[in-house]
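Remarks on the structure that follows.
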Amino acid sequence: MNIHEYQAKDLLKAFGAPVGNGVVATTADEAVEKAKALNGDVLVVKAQIHAGGRGKGGGVKIVKTIQEMHAEADRMLGKPLITPQTGPKGRIVRSVFVAEGTAIDRELYLSLLVDRATGRIAFVASTEGGVNIEEVAAETPEKITTVDVDPASGLSGFHGRVIADALELKGDLAKQCGKLIKTLYTLFVEKDASLIEINPLVVTKDGQLECLDAKIGFEDNALFRHPDIEALRDIHEEDPAEVEASKHDLSYVKLDGNIGCMVNGAGLAMATMDIIKYYGAEPANFLDVGGGATTEKVTAAFKLILSDPNVKGVLVNIFGGIMRCDTIAEGIIAAAKETNIGVPLVVRLEGTNVERGKELLSQSGLDIIPADDLDDAAKKAVAAIGVA
Ligand code: GDP
Ligand code: MN
């Protein structure tokens, strides 16, 4: 789960990181009212969406008067902002962050992530901060320093020194850097983050480090431990079908193909997607209904698959272990009653209570194409949508 810049900055501040003052607003008038609490002649109006590259898309504006601030906030709010990371449709801006302007001497890059290659938390630092870090990584990777943290010995002064050195920070700035490194690491571990990215981390003209931008992502599977973090969730930033799926505790990822898949178990779901591709079609989704699904859950899963207009056929592939085949059959029948399936439906059931499941389906009067095994099921599903 990701959060907005203003939420990330609140969190950073709470942990003691250097963050400037700012206010968040959902209308231009509210922004003007709240900005009275801010100091300085220069303000920065920043569109709050989860994607980066806002500066390039016109979502970060430096303003010198309240009138200008009102106009920029008004221009951004309620409209889509297109950045290199949003795709062509952009994202609707629902709030703006108005920050006290900072006089910048240097823009640096600092992030903290889980390095899957080493299985450790790693810091990534570069003197080339600002808006083009992807280019730096591609063209001049030697300008990026990575240092990981051994979980057995933990964080030490060594990490702070390596990063200060990589960022060319000396004297008091190196000390500030050491402190920031500790703060970020503590936040990362305590809140089960998956990414903290400060780009840019700036050196101000008066010799202070400041986190000018902040992106924080959290490990979804650890959110149950952090209700304070979960409360920061903004469902507008997420795919509506995936939000619906998470309400029913279903693992659902929308894809671009046209065969909807309902499967139990992530491994079987991936095998099902592979075999659909093998026979020349594309899966419309990944969907794992899980081990202990109820009729209600299966019904919800079915509705979710059918809500995708690209779906031209559905393949149900269930291996009944903990999940019983008759439960799946009841779910399919219930979903068929509530929604008009309207597309070919191939069902392959195997395992616990398979005979009872097949019997329920055949007595249901539904137009189902039964399949004996995975291979047979995939072939029939592909044929049913007219690809093979
Ligand atoms: P992003 O484009 O979504 O990554 O948004 P950022 O918050 O990183 O802002 C983009 C750029 O705008 C930064 O790299 C800075 O150069 C500039 N910027 C943002 N805030 C300020 C500020 O307070 N003062 C000045 N002078 N520039 C700023
Ligand atoms: Mn940035």
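Numbers at a glance
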item: Distant-in-sequence amide H partners of V289 (H built 1.01 Å from N, under 5 Å); result: V263, N264, G265
item: Ordering of 132-141, 62-71, 40-49, 13-22 by packing [mean C-beta count within 10 Å, highest first]; result: 40-49, 13-22, 62-71, 132-141
item: C-alpha center-to-center spacing [the range 103-122, the range 260-334] in angstrom; result: 39
item: Diffusion coefficient, µm² s⁻¹, Stokes-Einstein with Kirkwood Rh over alpha-carbon pairs of the range 121-165 at 10 °C and 1.306 mPa s; result: 137
item: In sequence order, calculated HN-Hα J values of the range 206-219 (Karplus, 6.51, -1.76, 1.60; Hz; x Gly/Pro); result: 9, x, 10, 7, 9, 7, 8, 9, 8, 10, 10, x, 10, 6
item: Centre separation in Å (Cα based) which lies between the range 197-241 and the range 338-388; result: 44
item: Relative frequency of Cα-Cα separations exceeding 16 Å in the range 170-296, percent; result: 74
item: Percent of Cα pairs exceeding the 19 Å cut-off, where the set is the range 173-239; result: 43
item: Spatially proximal lysines relative to K379 (Cα-Cα < 18 Å; intrachain offsets below 8 disregarded); result: K277, K312
item: Subset of K182/K205; K56/K175; K89/K143; K46/K254 violating a 28 Å alpha-carbon distance limit; result: K56/K175; K89/K143; K46/K254
item: Likely footprinting exposure, Y109, Y252, Y185, Y279, fewest C-beta neighbours within 10 Å first; result: Y279, Y185, Y252, Y109
item: Tail weight of P(r) past 19 Å, computed on alpha-carbon pairs of the range 1-158, percent; result: 63
item: Cβ-based exposure ranking for L315, L223, in which fewest neighbours within 10 Å come first; result: L223, L315
item: Greater than 26 Å apart at Cα, pairs in K13/K34; K61/K170; K358/K380; result: K61/K170
item: Under the Karplus curve 6.51 cos²θ - 1.76 cosθ + 1.60, θ = phi - 60°, whole-Hz ³J(HN,Hα) for the range 243-256, x wherever Gly or Pro sits; result: 5, 4, 4, 5, 4, 9, 6, 9, 8, 10, 10, 6, 10, 8
item: Chain lengthening between A103 and E296 when straightened (0.36 nm per residue, less Cα-Cα); result: 63.8 nm
item: S156 paired with R94, simple spin-label distance in nm, labels 7 Å along Cα-to-beta-carbon; result: 4.6
item: For the range 185-195, Karplus couplings with θ = phi - 60° (6.51, -1.76, 1.60), whole Hz, Gly/Pro x; result: 5, 4, 4, 4, 6, 5, 9, 6, 6, 10, 7
item: Cα-based Rg of the range 325-379 normalised by 2.2 N^0.38 Å, two decimals; result: 1.07
item: Cα-based equivalent ellipsoid of the chain: semi-axis lengths in Å, sorted from largest, via gyration tensor; result: 49, 25, 18
item: Estimated FRET transfer efficiency when R0 is 25 angstrom, pair K247-S364 (beta carbons, to 0.05); result: 0.40
item: Rounded, prolate or oblate (a/c below 1.5 giving rounded, otherwise prolate when a/b exceeds b/c) for the range 4-67 by Cα gyration tensor; result: oblate
item: Proximal lysines relative to K247, as straight alpha-carbon distance under 17 Å, when same-chain residues fewer than 8 apart are discounted; result: K297, K303
item: Quotient of Cα Rg and 2.2 N^0.38 Å for the range 240-385, N being how many residues it contains; result: 0.91
item: Two-site label geometry, A266 and A117: point separation in nm, points 7 Å out along Cα→Cβ; result: 2.3
item: Counted charge near V96, where neighbours are those whose Cβ lies closer than 11 Å (Asp, Glu -1; Lys, Arg +1); result: +2
item: Theoretical gain in end-to-end length, S307 to A334 [0.36 nm per residue, Cα-Cα removed]; result: 8.1 nm
item: Segment D256-D206, length gained on full extension (0.36 nm per residue, minus Cα span); result: 12.9 nm
item: Cα-based reach from K36 at 20 Å (exclusive), listing aspartates and glutamates while leaving out same-chain residues under 8 positions away; result: D10, E68, E72, D74, E100
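Rule-based calculations on the coordinates, nothing more; no lab input. Just so it is clear, the model here is predicted, and its values are computed rather than measured. As a convention, Cβ positions derive from the backbone with ideal geometry for all residues, glycine included, and neighbour counts pool all protein chains shown.
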